[in-house]
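The block underneath contains the structure these notes are about, expressed in structure tokens.
Values in this text are rule-based calculations from the coordinates and carry no lab data. Model, not experiment: these values are computed from the prediction. Glycine also receives a Cβ, built like all others from the backbone with ideal geometry; neighbour counts cover every protein chain displayed.
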Amino acid sequence: MNALLVYPRYPDTFWSFRHVLKFVKKKAAFPPLGLLTVSAMLPPEWERRLADLNVAELTDEQLDWADLVFVSAMLVQGDSAREVIERCRRRGKRVVAGGPAFTTSHAAFAGVDHFVLGEAELTLPAFLRDLAAGCPQPVYVAAGFPDIAQTPAPDWRLLNFRHYATMAVQYSRGCPFDCEFCDIIVMNGRVPRTKTPAQVLRELDALYAAGGRGALFFVDDNFIGNKARVKELLPEIIRWQKAHDYPFRLFTEASLNLADDPELLSLMSAANFFRVFLGIETPCADSLRECGKTHNLGRNMGESVRIIQQHGLQVMGGFIVGFDHDPDTIFESQIRFIQQVGIVTAMVSVLTALPQTRLWHRLKAEGRLLSAASGENTDGSLNFVPRMDRERLLEGYRRIVTTLYAPRNYYRRIHTFLKTYRPTVRGKPSWEDFKALLRSMWRIGVCSKSCLLYWRLLVQTALTRFRALPIAVEMAIYGLHFQHVARHTLAPARRRHPDCDK
């Protein structure tokens, strides 16, 4: 049996980092970890190939080779996934679909022969048994959540490492919190399930042996969802990193209560974590209560961010406008908070009702749903009727994005961040890092309107905080991508190339 594993194309979004990739000569930010894991679950006698459309176009030759086409996608990849499914249909290929987009919205995808929904550890074996028996069913739905201590390591043999800027592994699934707008608990539950420390180390060994180096994303829903377990894991990662001379710089997603645990922060720093994404959402307490983000209440969120950054972890923040309890001043409040705290990478989105979330069910019951969610966090779309006047909300959102990613404000946040940041990352810069620096000197230092801001940042950081220079350069490069995404959100008809913004 020939199995072709297809990963649809990402649009140009906040998280695609498409305009950063050219600085490091890569084609995609992250590998398709889910499909690589599925590949490891397929019968060993099967032939398998990977087609990542973020790296190369899908060819007819690849489709003709395949007996089965496995498609996995996030919601934001939905349009590309539909194109793949249609091409398969025209060539008479059987399609097996799974992953987040299909798990929450499989009825929106026509032409799929077999849906394998939920976590593959539970549903894929049943499909494979029925396939071998000649009676595969159209839909397989997981009942409950699997023990991921039994999950195999990703099949790294399928991957061309040269194409990817960052590698990825997974330690846990699920999140203990119950935010109304979040679909994580819909798909992965509220009880975090973890791999064993020995299992994680085997995956690091396999990734290292396959040639993985540099940035490594722990793609957990909430890395610290089970603090006791993660404190058992981190000392093992620390020993592994030290023994291998720190080949990986780690980052992940967590929750703001990370700031409450100095031991955990110290362990993450020692393990070579250098960045963490946090769902901060809003400085409005009533809106935090509305959405169930209670763990962000009763604290000075700005001080929590500073504590985390003082331990060597750059905070990337997620923010939302459009809650029912948002006051008219929310837009200025968001801007003021983000600028004052120095959250350089601030993903601000309009609230979206993702399918099957508590928010989706509430708005549906209230008759306020308008359309399906695009899955694109920062496109400025609105798929429900807000309490605030629609035009006021969208205009306020555009004002936030315009203000935050105006070059002067963006660089001001970098300087604010560097005042509290205490770099702890270990490992030697690569030749690719050096070439990225040289490219940034030309593309930003010469060809950009931000050139004076760029040189001031580099000179000041080199003279006063030399160890922070790599992350300062990285942030300057990211700024080009964020400015492009902001223009895409605000004025699609006036898009300009971000490299020579004159």
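General remarks:
- Candidate aspartates and glutamates - alpha carbon under 16 Å from K364, same-chain residues fewer than 8 apart omitted: E180, D183, D324
- Net charge of neighbours whose Cβ lies under 12 Å from the Cβ of K27, counting Lys and Arg as +1 and Asp and Glu as -1: +4
- Over the chain, DSSP H runs of length four or greater, each weighted -39,500 (n - 2.57), average out per residue to a 222 nm ellipticity of -13000 deg cm²/dmol.
- When +1 charges are put on Lys and Arg Cβ atoms and -1 charges on Asp and Glu Cβ atoms, the dipole computed for the chain relative to its Cα centre reaches about 1880 debye.
- Projected over all directions and averaged, the alpha-carbon convex hull of the range 166-418 occupies 13.7 nm².
- Computed from backbone phi with θ = phi - 60° and the Karplus coefficients 6.51, -1.76 and 1.60, the 3J(HN,Hα) list for the range 423-439 is x, 10, 5, 10, x, 8, x, 8, 4, 5, 4, 5, 5, 5, 4, 5, 5 Hz; x is used for glycine and proline.
- Summed side-chain charge close to A436 - residues other than A436 whose Cβ falls under 13 Å, Lys, Arg +1, Asp, Glu -1: +3
- Under 5 Å, built H, 5+ apart or other chain: amide partners of F70: L4, L5, V6, V96
- The length gained on full extension between R190 and R392, counted as 0.36 nm times the residue separation minus their Cα-Cα distance, comes to 69.2 nm.
- 22 Å tail of the calculated P(r), the range 99-231, as % of Cα pairs: 49
- Entries in K25/K435; K27/K449; K227/K293; K419/K449; K26/K93 that, when Cα-Cα distance is taken, lie over 20 Å: K27/K449; K419/K449; K26/K93
- The peptide list 28-36, 293-301, put in order of mean Cβ contacts within 10 Å with the highest first, becomes 28-36, 293-301.
- Peptides 412-422, 426-436 ordered by average Cβ neighbours within 10 Å, highest first: 412-422, 426-436
- Karplus 3J(HN,Hα) series, Hz, for the range 17-30 with 6.51 cos²θ - 1.76 cosθ + 1.60 (x for Gly, Pro): 6, 4, 8, 8, 4, 5, 6, 10, 6, 10, 9, 8, 6, 9
- If R0 equals 41 Å, the separation of the Cβ atoms of R422 and R129 corresponds to a calculated FRET efficiency of about 0.15.
- Applying 1/(1 + (r/R0)^6) with R0 = 41 Å to the Cβ-Cβ distance of A285 and E47 gives a FRET efficiency near 0.15.
- Per-residue 3J(HN,Hα) values for the range 352-360, derived from phi via the Karplus relation 6.51 cos²θ - 1.76 cosθ + 1.60 with θ = phi - 60°, read 10, 8, 6, x, 6, 6, 4, 4, 4 Hz in sequence order (x marks Gly and Pro).
- With Cα atoms, 0 to 90° folded angle of helix 78-90 axis to the chain main axis: 30
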